[in-house]
Structure formats: C-alpha cells, structure tokens
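Below is one structure; the comments refer to it alone.
The values are calculated or read from the model by the stated rules, or taken from the named source; none is laboratory data. All values reported here derive from a predicted model rather than from experimental measurement. For neighbour counting, all protein chains shown are included, and Cβ atoms are generated from backbone atoms with ideal geometry for every residue, glycine included.
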C-alpha cells in the first residue's frame, strides 16, 4: 500500500510533495524549493516512546541548541516531545544527556489571564496543524491562536511567532522548573535595552551529573520590549511587546561559559533576521550530510525510514563549546572555562561535546561515522582527549563538562582505536595510547561501575586482574549501577583486545601480549557443561540455580543467552568452546527462531524489557548487548544465515514509520539509528573496525544500489557503490560477490579497499549459495 494511504495526515511530519497545511512564509518558501534529501526524514518516528534527548526538530547536526516543543517536562523517560500528549508546555533549547534548559512560551495577555499567566500558560495544539522537518518545527497554539515557528543555528535558537491581530503580545520565560533529567534553578533575566535581554539559570545536580552547571543565554528581538514583569512566586519572567506588527522574531543564543559568549554566538552564527533563510540553510546542511549516502530501490517507506535512521545517527551528542572555542570544564574540584586550541585562522580546531555512553558504539557509530563521516569521528576523538588533558581520564559519557560514568568499562577505547586503524586520526598516537591504557589499569575507568563518582570499586577490576573475571555478586558491596560481573568480564576482554591492536601498531610488544592474554578472560565465565556464559562468585563457584534467560542475572541490560555471544574479537574461540562452528551456528540459529516469535525485541520500549513476558527473549535488537548477533553467522562460515536473519530483523523490527514504534528499545543518541543504516546497506564490523585492516563483513542490503560519497580530505576514492542485482524481498541471499571485478573472499573487505573507491557487485538469489 502507498505511504500516503497508510498514514493519516496527522501522523505525517512532511509530505514527499512538500504540500503543507499552513501558509506561513517559511512553509511557503520551503514548498517552492526543490525537494531535498532531508525532506525524506520522518521526525515523528517512535515519539510515543520518547526520551528527553530523543526527539529533535529545529536543530542542526550535533548543535548545542536542540530547540523543540515540550509536551512533557518532568522526567527523562517520556520527557520532552511525546506524541500522545496534546499540550505544549514550552519551547526549550536544550535536550541533552542529563541537561536541559531555557524554556520560553509565547502568550497573549487579557484581563482574564493576566493574574494567572505565570502559573497557567500551557496550550493545546493539534498534529493536524503541525509541520516538522529537520531544522524546522511549526505548530499552532490553540489557546492563544499563535502560529509558532522554530529553527536554529548550532548555538542559537530562532523563533518566529505570529500573533492574532491587536493581541497583547508577550513571551514567558519559564526559568525555574523541572525539564527532563534535572531541575532548572536560580533563573535570572535582565533587560539590557529595548531589544536585548541577558539571563542565566543553574542546572541542578542529579546522581548521574553530581556537579551543577550554569546555562547563560542572550536574547535579541526584532520588536521593542516594553516591559519585563517578574513573578516572585515562580521566579518566571514575562516579556511584554509593543508595536503594531503581529510577527515577532526572537534569537536566543546559549553558552555554558558566559553571557558574553552567548552574545558572541549570536553575532557569529546569526547576525541577520531572515528566518526563512535560516530554515533553508538548516535544510541544506542536513541534506548535505544525509545525501552522502544515496539509495535506489526499495519502497518509498523503506527509503524514508532509511534517511530517518541516518538522521538519528547525526543528531545526538551535542556540542558544549562556544563558537570561539570556550567550553565548560567541570573535571576538577573547581569549575573553570577552558579554551580549545585554535587554527591559524583563529577558529577552534574542533568542537567539544556532551555525550551519552559509547556503550555499543563499536557496532554503530564507529562503523558508520568511520566510513561516511570521518571528520565527525575525528572531532569526537579530539574532544575525548580534551577531557583527558583536563581531568586525567578519557570519559565514557560526559555531561556538563565532566564524566557521568554512565554504563561500564572503557567503551571509548574501541571507538578511538577504530579511528586510528582507519587512518582518521594520525597524530599524537603515543599520547592517545597512554591515555587509553590508563583507563584499562588500576586507577582508570574500568574500576568504576555506572555512575560511581567517588569510589573505584564497583568495576571489579582488581578481581578481573587477579582471577580473570569480575565476580557476581561483587563481594565488596554496591558502589554504582550495572555491577553485573559476567557482562563486565565480557566487555573488558573485548576492550582489552582492541587496546592490544593499538599496542601492536605502535610496537609495544610487551603490552600487546599482556592485553591479548587479558582478552581471553571471557573463557573464564563460559560454563561448558551448559553451553552458556555464567556468572561466578569471588570463590570461583558458578552461580547456583542459574537460568540463562533470566534478565540482569549477572548481565547488563540483557540475559545470559543474549550476552553469551558478546565476544566480538574472537568468534572462532567462542565457537570452539561451544564444540565447533557447526554447533555454534545451530545454537544461534535456534535462538533466532525463538526470538522471531517476539519480533526480535523485548517489547516495543526500553522499559518493556524488564517485564517477564519480554525479558526472556534469546536475542534482543532493542538494546545494545546483542545487536551484533545476526552478523555472527558470517564469521561462523554461514553468511547465508546472516543474510537471511538480518533481512528478517530489518523487515520485522526496523521498517515501521509511525509515532508508535521505531527502535523498540533504547535509541541512545544515534546508536540504534546507525545500526539500522548499517544493516540496511549490508556493511558491518564485528570487532568495531579495530583490527589492523578494519575489516567489514558484507551483508544483504535492502536497496538495489547504494552510493557512498567518500570524504576527499580523508580517503583517496570518490565513491563506494554497492549494486545488488536481482534484489527483492525474496532474493535475500548473495549468490556471487565481486569488488572491482575481483571475487571477494569470506564476504569481507578492508577499510582501505572500500575507501579507495569502487563498485561491489552482489548477485542476489532466493536460494543460499551452495
């Protein structure tokens, strides 16, 4: 069925023909422009299962400002823009990992509400009058009959409000409230002149981010401000406007360092008042990044979902540095303003970033960014190293200028090693190696469990070094989240292997041997008598009455059946423990047959996997620990099963286009979006691209032709093209495979082969290759 017949108009963010419902100038301007790649994106995907940092609309790629309407303001999960809530509670500028802030709301003042407006200002709205496309969001506030339009530059939110004629116009700044994961406190706002305001607020602490952070902001308007009215009870401020014009434009520049830098961000990025031009610029920027991958074939829905996945891969993990390179450093005992290094032209060499965990990044952004967006990967490596230079440790999930210690292990090690092995990062490799090695040794991040800020015990590293595994339960007690020893052991072993590859590259032979030996520690928790990974206590005893399908029974956000396969660096070794590749293949295939009955996920949201009826699934593509499993078959010598099961997972689990579903779990700032892109183009790196050749395994793409534009600043080739001949929903198997007219062995290509450019020809069939 055609997409237009499947989805009612209320569920569509932007039509492919760009025929919009409203007639605002910006919308007219968009509709008259030539269709671009960004118009394919469906921003409402999975917004019924929203999260504070999940939804994005009026933002730029990785922008400090992530401007959008909030329909739910309290709580991280289900917070921000949630499709099933019909009330706008403000338009806030920061939707980020453990950070929020600067919420404003246009209102009209009358005799009926002037005494209650500070506490009663929410407004209903309808999806029928809503338009969302990357870089732009508009809707109508029914209560006030205000047409609200939003766009932005990386550090400046740009608002356009069209008020009813002769209305008493005002904008409320909700400075002291709870937005998402933290409380906004100590809000201040001052009128500088008739067209400018300055303000700040403090993001209170929580158990993930235990240090406060100040958000500074500068406001500029195109209409004169007649007065600023403050409410002593709420601390909120009401900005009144005069003038006869119905349309008010407002710029809000933010900074985590100073009001002066917030103002500088406006002057640098948005010196003009052309709202339509800003929308067009944002649309062009998104289209340029999304357009690096061009697809042909598949259904219209397949193509829209693909670009929506790719959009998610490029919208998480926001910058925290100003346009001049100033940034908040909270790594020490006292807050300070840091300064990024500048290039010869006086501009920062890179941006500094906030980020949720890199847990699972080895199968997601490491693969995707490293191939298609190497400049982004390099920038993040420099940012991570800036944290090391400031605080002495490479973080795994920084917020507000310091690590939150989210999740476990040294998850940034594979990410950085992959960037080096792919030739993206070439300088200061010894310094980087020393920093990475520190994280793997006593005193490093491996010693810390999730959110363990003040101790170094919950990671169980001393046991890992002494006994070759992390015990469960940890006999020392509870010091943080995710103290699940079996999973920690598996993670550490893989991450040790990736560090060993860098040690070998840099000729640190003794270190190479040492970390390679540690990388075999996964074998210490494999119970050959039952064929599963199994937790052990500090005395070496296997966990009694062990059920490999019991959720979080020594395994992080997973069960033993799922996490048994978490040995991405040594699939052959794991298969040997299971009795050989044939038995391992049979075991994993049975798990997929079982998981198929539940659509390969533990329910349709992250919290659902806690429910008994969902948690016992043997493979879960809704969370990171087992998202690699369909590609394991290739390394077991059964690429046909990789092709078959991956196509099934994509079709069943990751093909929808609706607010009700999308990722069926935890889309951690682009991780699941990246995974979807990789599965759909048929490229995967089991070990995260951390081996010497950064090898890719070839899977079964859902499109007939895929063209990847290679960045000439990093790679010698111009394009990498995948052609899937005779491709269809039935022809999922690869009969023959050739690259640049040469037969491809073992369904693998090196990173250098691909980035030298060329054409991969896949002859598809409905029968497995014999």
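Determine whether the range 436-449 contains at least one residue that is touching a residue at least 60 places away in the same chain (Cβ under 8 Å), assigned to a loop (DSSP other than H, G, I, E, B) and within 30 Å of residue 716 (Cβ to Cβ).
No; the residues of the range 436-449 include none that is touching a residue at least 60 places away in the same chain (Cβ under 8 Å), assigned to a loop (DSSP other than H, G, I, E, B) and within 30 Å of residue 716 (Cβ to Cβ).
Scan 211, 220 and give me the residue that is touching a helix residue (DSSP H, G or I) at 6+ places or on another chain (Cβ under 7 Å) and not assigned by TED's automatic domain parsing to the domain that holds residue 720.
220
Does residue 176 satisfy the condition of being more than 27 Å from the chain's Cα centre (by Cα) and farther than 27 Å from residue 79 by Cβ?
no
With (1) free of Cβ contacts under 8 Å to residues at least 24 places away in the same chain; (2) surrounded by fewer than 15 Cβ atoms within 10 Å (Cβ to Cβ); (3) within 23 Å of residue 494 (Cα to Cα) as the list, and residue 540 as the residue in question, which single condition is left unmet?
Every condition holds for residue 540 apart from (1).
Among the residues in the range 498-517, are any in the same structural domain as residue 688 (by TED's automatic domain parsing) and within 30 Å of residue 208 (Cα to Cα)?
Within the range 498-517 (the criterion being in the same structural domain as residue 688 (by TED's automatic domain parsing) and within 30 Å of residue 208 (Cα to Cα)), the answer is yes, since at least one residue qualifies.
Every residue in the range 184-207 that is touching a strand residue (DSSP E or B) at 6+ places or on another chain (Cβ under 6 Å), under 16 Å from residue 97 (Cα atoms) and in a loop (DSSP other than H, G, I, E, B), please.
Once the filter is applied, which keeps residues that are touching a strand residue (DSSP E or B) at 6+ places or on another chain (Cβ under 6 Å), under 16 Å from residue 97 (Cα atoms) and in a loop (DSSP other than H, G, I, E, B), the range 184-207 yields 204, 206.
Name every residue in the range 594-607 that is in contact (Cβ under 8 Å) with a residue 12 or more places away in the chain and either assigned to a loop (DSSP other than H, G, I, E, B) or surrounded by fewer than 20 Cβ atoms within 10 Å (Cβ to Cβ) (or both), in order of residue number.
594, 596, 598, 599, 600, 601, 602, 603, 604, 605, 607
Pull up the range 730-744, narrow it to residues that are in a loop (DSSP other than H, G, I, E, B) and at negative phi, then point me to the one that is surrounded by the fewest Cβ atoms within 10 Å (Cβ to Cβ).
Top of the filtered list is 730.
Please find, within the range 483-533, the residue that is farthest from the chain's Cα centre (by Cα) out of those that are outside any helix (DSSP H, G or I) and within 22 Å of residue 363 (Cα to Cα).
533
I'd like to check something: does the range 168-184 contain any residue that is on the phi > 0 side of the Ramachandran plot and buried (at least 24 other Cβ atoms within 10 Å of the Cβ)?
yes
Provide a single number: the residues in the range 745-766 that are more than 32 Å from the chain's Cα centre (by Cα) and either surrounded by 15 or more Cβ atoms within 10 Å (Cβ to Cβ) or at pLDDT 95 or above (or both).
The total comes to 4.
List the pairs whose first member sits in the range 561-580 and is assigned by TED's automatic domain parsing to the domain that holds residue 695 and under 13 Å from residue 493 (Cβ atoms), whose second member is in a loop (DSSP other than H, G, I, E, B) and at pLDDT 95 or above, and whose Cβ atoms are under 6 Å apart, counting only residues at least 6 apart or on separate chains?
Between residues of the range 561-580 that are assigned by TED's automatic domain parsing to the domain that holds residue 695 and under 13 Å from residue 493 (Cβ atoms) and residues that are in a loop (DSSP other than H, G, I, E, B) and at pLDDT 95 or above, the close pairs are 563/555; 568/686; 568/687; 569/687; 574/567.
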